[in-house]
Amino acid sequence: MRYLRYTRVLLMLTFALSSVFVFGQTRGAQGIVVGQVVDQGTKIGLEYATVSVFSAIDSSLISGEVSDKKGQFIIKEIPEGSYYIKVNFIGYEPLFLDGIIISAEKNLFDLGEVNLVMASENLNEVTVLGRADYVVNKIDRKAYNISKLAVAEGGSAEEVLQLIPSVQVDIDGNVSLRGSGNVTILIDGKPSGISGDNLASYLESLPANTLETIEVITNPSAKYDPDGMVGILNIITKKKKLTGVHGTVSASTGVPASHNLSAMFNAKTGRWNFMVNGGFNYRGGYNKGTTYRESYFDGDTTVLTQNTDGDRTGPGGMVRLSTDYSLSDKTTLSAGGSYNLRNFKMTEDIVTRNGYLGEDPFDIYTRDTERKMEFGMFRYNFGLKHQFDTEGHELVVDASQSRMTHQFSGTYEEMPLSIAMEPLNYVSFRQNNSTQSDETTTTLQADYTLPLKQNNAFEAGYKSIFRNDGSDFFSESYDSLSNQWMDDVFLINNFIADEQIHAVYGVYKQNIKKFGYQVGLRLEQAVLDAELVTTNETFHNDYLSVFPTIHLNYILPQSQQLKASYSRRLDRPNHRVLNPFADYSDPYNLRKGNPFLLPEYIDSYEVEYEKIWDKFSVGTTVYYKQINGMISSIKTVEGDVSTTTYENLGTGINYGLELVFGGDLAKWWNFTWSSNGYRTELIGEGKNSALSTEGFAFNTKLLTNFYLPKKFNLQLSADYRSPMVVAQGEISEVYSVDFALSKKIMNDKGSLSLRARDVFNTRAYSFVNEGVNFYQESYRKRQSQSVQLGFTYSFGRFKNMKGGRMNGNGEERGGMEGGESIEID
């Protein structure tokens, strides 16, 4: 049946694609841009250089071309307006040219000789995969431009991540990359210190319209923290620095309850830059699920079934303020702060049946639950950046702190039922409990870069992380005999953990003509002290680790590139999986941590090849990872109660092939398709279990854009993840289709959008777990289908550079004198 459902989804998607095909047509010719791309040193023309034209108003892609054998290009059919141009070629620094104005009086713009500079100072060359400028490739990462994701407008960061190739987000908001949940989340390049339920709450609170880029770093250099088996996801928020005053406001509303409001305001004048960025959302929807479990004891088979129905609603949002002050042309001070919140109220009804296989249940009851969650996080950061006289010679010092609070309270009432599902004349069981979690993370960091002769450079740095985490659980039950609430003394617990991590690193890199290499070494000392205050138990672990890294890069003829890399990484158990006290929110399905867990270490190898043609590009990566001391969740069953905990198993192996293919099928139609196939092998033995399993899985995603007449844009997104093996079973397939239709209005200063998520309502999760004495099937689904109508408006006044150069983030690199003001309000 699941293959029939998948086939139906593919047929519907194919029909949707074909239905819009007939509406595509080229835009009328109004302006032309010509020029020649050459090497600045040799003045030789560069073939296959990408020249892209972007709107100066909203940075949307207008048109583009690829240079011929002599480096020459002609871009036609450009509407009247103001634009900037990006010129890009493998192995060279990207060049941005501003002040391109097409009008009735001047419809031919000759750029003349466009000189590109070899990327000799570092190995972070930028490569555009696909003409939509959606994927940007660097030596150690891929960056995805969120402004190109119309299907994410009005959504949250969680929904954005679901659209990124090889990234998955499950029903609980857990993020995984290439099939593994051991991934580190950075916010603007800084450690988020967020995991588990806190991460899910944070991603829900972060509006998609406040995001600039998502970077996927699968084999980071020694400059970065080694945490995360499969690498790093760096969420970069918007922080424009155009001279002048400008901003953007976005709003959307939808059904079921889904309302969003976000805004960004930036003012840059003289030596000061101020930015305010924020958003608010309110969401609601249902959640439901089923559980079927067989338990085997002394020749008997008992069966437990559970049916869950509920809903949850609540607000979320964030606000971020930052400022920069230039002490001089070479020294800049920065400061910023942000606050995120996510609250929700959830009601749930669970009907549980217990009995012997093939017989009527001997125990039926309903458990009514009302839970509230309040999540808040403050983040502060201060920075100093000094650029020395030599280009690329700089010192960056950062200090930051995040403070998270997570309050969770629940009210529960259990009522026994008859076979006819009628309440029995018994006193119901009533219970209240609450969890207060607080975490403070302080980070101090200094990074130094020294360019050397002969196209090489040296980087070094120091970093310290101080983390304090506390979790206090309280529970009370109602005593009907005394008519008062009594503390559940055997359930109350208080767990605190203090962790320090101190690291130094060094990285050396060099370019030798078409070949580049980067080698690094990171030395790290970690100390963890934890205490279960309720029982006066203490736990201590300190360990010294060494993390070597190497990256190789070779530029081949005809716009080809070959890369290889190795890094050693680790995955530390977070404090939630260390706390040995059980979570009793569902008394038939307990979950508890293991304070004796050790970090797992990973050896990661990758080889990548990419090729760019005139209108298409392809990138493919082969990877292999070996995990020692692998951490896995283990489920055991005693009677009718299951307990899930965590253990260090022996060895895990993960290897696979990742493919990203994109380009232009027509001037009005482009696409990006990605797929990742991998095999997982688990070989190990825990303290209470011997486990070995293996299996193949894959996921694939398609994102396609149709630029229609009258300034309409249609975007379709589809994804599929096959069944995948876990330590004690399998997770079933998941698939969905999203679409968005947008139209530019108000002289391109505004846009309207209609967005539908999970069009066929197929995003659901099923699990199968097996152990020595049990078999369990579970199904869970939350509200995933929605329709939203949104509006975005850009306003302000900023200086436009004439022929100036900007860096890869669109920020200024040259002077602004003599610029031309552009009104967008």
Residue check: is Y6 outside any loop (DSSP other than H, G, I, E, B), surrounded by 12 or more Cβ atoms within 10 Å (Cβ to Cβ), at pLDDT 75 or above and not basic (K, R)? no
Residues in region 806-813: is at least one at pLDDT 90 or above and touching a Ser or Thr at 6+ places or on another chain (Cβ under 9 Å)? no
Would you tally the residues in region 621-675 being among the acidic types (D, E) and outside any strand (DSSP E or B)? 1
Leading residue by the ranking (nearest to the chain's Cα centre (by Cα)) among those in region 408-438 that are assigned to a loop (DSSP other than H, G, I, E, B) and not hydroxyl-bearing (S, T, Y): M421
Residues of region 439-488 that turn out to be over 26 Å from R522 (Cβ atoms) and outside any strand (DSSP E or B), as a count: 5
Would you say K687 is surrounded by 16 or more Cβ atoms within 10 Å (Cβ to Cβ) and at pLDDT below 90? no
Out of (1) at pLDDT 85 or above; (2) farther than 20 Å from Y623 by Cβ, the one G196 does not meet is (1)
Can you run down the residue pairs with Cβ atoms below 8 Å, 6 or more apart or on separate chains, where the first is in region 758-771 and closer than 17 Å to K701 by Cα and the partner is of a type in the set (S, T, N, Q) and assigned to a strand (DSSP E or B)? D758/S736; D758/S786; V759/S736; F760/S736; T762/S736; R763/S736
Do we have any residue at all in region 558-565 that's without any contact (Cβ under 8 Å) to a residue 40 or more places away in the chain, more than 23 Å from I501 (Cα to Cα) and over 29 Å from the mean Cα position of the chain (by Cα)? no
Region 326-364, subset farther than 30 Å from R293 by Cα and not in a strand (DSSP E or B), residue modelled with the highest pLDDT: L327
Within region 320-335, count every residue that is among the acidic types (D, E) and without any contact (Cβ under 8 Å) to a residue 60 or more places away in the chain. 1
Taking the condition surrounded by fewer than 16 Cβ atoms within 10 Å (Cβ to Cβ) and within 25 Å of N769 (Cβ to Cβ), does D329 pass? no
Filtering strands (runs of 3 or more DSSP E) wholly in region 526-603 for at least 2 residues that are among the basic types (K, R) gives 560-571
All positions within region 509-520 that are touching a strand residue (DSSP E or B) at 6+ places or on another chain (Cβ under 7 Å), surrounded by fewer than 16 Cβ atoms within 10 Å (Cβ to Cβ) and in a strand (DSSP E or B): F515
Restrict the check to region 260-269 and report whether at least one residue is of a type in the set (G, A, S), assigned by TED's automatic domain parsing to the domain that holds M373, closer than 30 Å to L304 by Cβ and assigned to a strand (DSSP E or B). no
For region 308-326, does any single residue satisfy the condition of being surrounded by 18 or more Cβ atoms within 10 Å (Cβ to Cβ), touching an Asp or Glu at 6+ places or on another chain (Cβ under 9 Å), over 30 Å from P423 (Cβ atoms) and among the hydroxyl-bearing types (S, T, Y)? no
Mind checking whether some residue in region 635-642 is at pLDDT below 90, touching a strand residue (DSSP E or B) at 6+ places or on another chain (Cβ under 8 Å) and within 30 Å of L163 (Cα to Cα)? no
Check on V759, surrounded by fewer than 18 Cβ atoms within 10 Å (Cβ to Cβ) and either in a strand (DSSP E or B) or at pLDDT 90 or above (or both): no
Note: among S471, S480, just one is of a type in the set (S, T, N, Q) and within 32 Å of the chain's Cα centre (by Cα), namely S471
Select from region 236-251 the residues that are part of a strand (DSSP E or B), under 22 Å from I146 (Cα atoms) and modelled with pLDDT under 85 and list them in ascending order. I236, T237, H246, G247, T248
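The values are calculated or read from the model by the stated rules, or taken from the named source; none is laboratory data. Given the structure is predicted, the values throughout are model-derived calculations rather than measurements. Every residue, glycine among them, receives a Cβ derived from its backbone with ideal geometry; neighbour counts consider all protein chains shown.
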